[in-house]
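The values are calculated or read from the model by the stated rules, or taken from the named source; none is laboratory data. Keep in mind that what you see is a predicted model, and the values were worked out from it rather than measured. Don't worry about glycine lacking a Cβ; one is built from the backbone with ideal geometry, like all the others, and counts go over all protein chains shown. Only protein heavy atoms, including side chains, enter the accessible area calculation; ligands, DNA and RNA are left aside. Shrake-Rupley method; radii C 1.70, N 1.55, O 1.52, S 1.80 Å.
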Amino acid sequence: MSTTVSTDLPQRCELRTTLPGPRSLELAQRRTAAVAAGVSSTMPVFVARAGGGVIEDVDGNLLIDLGSGIAVTTVGNSDPRVVAGVQQQVADFTHTCFMISPYEGYVAVAEKLAELTPGDHAKKSALFNSGAEAVENAIKIARHATGRTAVVAADHAYHGRTNLTMALTAKAMPYKKGFGPFASDIYRVPASYPLRDPDGMTGAEAAARSIAIAEKTVGADQIAAFIIEPLQGEGGFIVPAPGYLAAMAAWCKDNGIVFIADEVQSGFARTGTWFMSEQEGVVPDLVTTAKGIAGGLPLAAVTGRAEMMDAVHAGGLGGTYGGNPVACAAALGAIETMAADGLLERAAHIEDIATARLREIQSAHPQLGDIRGRGAMLAIEIVQPGGIEPDAALTGAVAKYCHERGVVVLTCGTFGNVIRLLPPLVIGDELLLEGLGVLAEAFDELA
């Protein structure tokens with residue numbers, strides 16, 4: 001399956017300097033003087049242009065992008081439909097605040113969300129700026145609609161960096177350490193983690209474990225919402241065992257609990273369907289989205305059952321920039337590209353190509369304890385040979401090897417031992433395989 005890349009950037013890796021180059025080093029000095037140290041970067045290079053599956057830095061180096069800005073540039077950088085929509089909208093007006101003077105773009109995005117998210121029930125949306133903001137508002141809606149306050153999240157969860165979403169996020173470093181106290185009435189249950197669950201544990205059994213803990217420690221009649229990423233992101237790209245999500249959704253329905261699917265990273269064609277929930281036969285009550293929704297511009301949404309969304313009083317939801325008209329124009333362009341250019345099918349094709357290559361690497365290196373994911377949201381979990389003991393040191397070394405050779409890969413996982421692959425869906429097959437070849441070389445050298 002071929003793809004058309006709308007960029008004049010050569011689609012190859014080419015290093016003209018060591019990384020970082022001299023111009024990036026100059027900018028790094030300015031950064032150190034002006035940017036807070038708490039804001040870190042994976043790569044030590046500064047970007048000049050990007051397109052297709054390539055990033056060009058300020059020194060003219062061409063890097064292979066297997067990160068997509070953490071699953072944001074799903075349609076690539078500077079997608080023509082995104083660019084055209086943004087240019088027209090900027091020329092017309094950049095902002096009025098939808099809460100003051102509304103505009104069609106916001107409504108059109110909400111209509112698209114109602115059409116694309118799982119389920120054929122009546123839906124409505126509210127638009128925001130970031131995934132964390134969407135999650136926080138989903139919790140507000142669930143609490144208001146149910147009259148309850150308790151919220152249950154999963155082990156290995158990542159839901160954001162605001163105070164409430166830090167409470168929902170499981171990993172302490174670097175997200176939570178030193179930032180407490182956090183929002184109250186948040187509880188955690190073990191989810192399904194096939195590699196680390198007891199041998200043979202089914203999705204239904206993992207759900208029974210989650211439910212038993214929630215009922216004993218909180219009480220089903222006290223819980224406003226259960227929130228989970230259908231394919232967990234920062235926690236390690238964990239795909240639950242079949243049946244887990246469906247069993248949890250059924251329990252929520254039986255007990256008047258709002259089932260919130262956090263599809264911020266897994267949504268918008270990333271996993272080969274519009275939303276990961278579809279692959280598990282789950283229809284969430286509320287869905288949170290961001291990242292890939294708008295081709296790189298800041299936009300997020302909560303979409304859910306109309307009666308639930310309408311439970312909140314007028315003025316209870318909103319924000320100055322939520323649903324900015326330029327971001328809405330970008331979203332409409334990105335969604336059109338996903339549909340018109342066959343990017344859902346492209347994600348499935350990327351999965352086939354990448355998984356086959358990763359299996360080849362695994363056959364030579366038992367440190368690849370697990371290969372998992374869906375579509376173009378894939379990961380390898382790196383372990384000590386002969387078991388499942390995490391090997392964070394090797395993970396960091398492999399990532400560093402790739403970075404030094406011009407391939408952008410990201411690490412994640414509660415134990416710091418997962419490499420995640422999030423290529424833009426417009427990346428070419430040859431470029432994808434070139435990047436995975438460097439990953440293979442890293443294991444050959446280091447494992």
ask   = Is it the case that segment 221-234 has a residue that's farther than 30 Å from Gly69 by Cβ and open to solvent by less than 20 Å² (accessible area, probe 1.4 Å)?
value = yes
ask   = Taking the stated definitions as given, is Ile55 in contact with an Asp or Glu (Cβ under 7 Å, 6 or more places away or on another chain), among the hydrophobic types (A, V, I, L, M, F, W, C) and closer than 30 Å to Gly437 by Cβ?
value = yes
ask   = Does segment 115-128 hold any residues that are in contact with a Ser or Thr (Cβ under 8 Å, 6 or more places away or on another chain) and surrounded by fewer than 18 Cβ atoms within 10 Å (Cβ to Cβ), and which are they?
value = Lys124
key: Any pair with Cβ under 6 angstrom, 6 or more apart, that starts in segment 427-438 at a residue that is assigned to a helix (DSSP H, G or I) and ends at one that is modelled with pLDDT of 95 or more and of a type in the set (S, T, N, Q)   = Leu431/Gln11
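Quick one: in segment 235-259, which of the residues that are touching a residue at least 60 places away in the same chain (Cβ under 8 Å) and either in contact with a helix residue (DSSP H, G or I) (Cβ under 9 Å, 6 or more places away or on another chain) or open to solvent by 10 Å² or more (accessible area, probe 1.4 Å) (or both) is nearest to Arg305 (Cα to Cα)? Reasoning before the result, please.
Looking only at segment 235-259, we keep the residues that are touching a residue at least 60 places away in the same chain (Cβ under 8 Å), and these are 235-239, 256-258.
When the remaining residues are screened for being either in contact with a helix residue (DSSP H, G or I) (Cβ under 9 Å, 6 or more places away or on another chain) or open to solvent by 10 Å² or more (accessible area, probe 1.4 Å) (or both), the result is 239, 256-258.
Values: Val239: 26, Gly256: 13, Ile257: 13, Val258: 10 Å.
The residue in question is Val258.
So if I check each of Glu111, Glu115, Glu133, which one is acidic (Asp, Glu), in a helix (DSSP H, G or I) and either within 23 Å of Val239 (Cα to Cα) or within 19 Å of the chain's Cα centre (by Cα) (or both)?
Answer to the selection: Glu133.
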key: Candidate set from segment 385-412 (those that are in a helix (DSSP H, G or I) and either aromatic (Phe, Trp, Tyr) or over 23 Å from the mean Cα position of the chain (by Cα) (or both)); member that is surrounded by the fewest Cβ atoms within 10 Å (Cβ to Cβ)   = Ala393
ask   = Being open to solvent by less than 50 Å² (accessible area, probe 1.4 Å), at pLDDT 95 or above, under 30 Å from Ser101 (Cβ atoms) and within 21 Å of the chain's Cα centre (by Cα), is that true of even one residue in segment 340-352?
value = no
message = Among the residues that make up segment 426-436, is at least one of them open to solvent by 20 Å² or more (accessible area, probe 1.4 Å), more than 21 Å from Asp341 (Cβ to Cβ) and in contact with a Ser or Thr (Cβ under 7 Å, 6 or more places away or on another chain)?
response = no
remark   = Log entry, pairs with first residue in segment 328-348 being under 9 Å from Val82 (Cα atoms), second being open to solvent by 10 Å² or more (accessible area, probe 1.4 Å) and of a type in the set (S, T, N, Q), beta carbons closer than 6 Å, six or more apart or on different chains, reads Ala329/Gln89
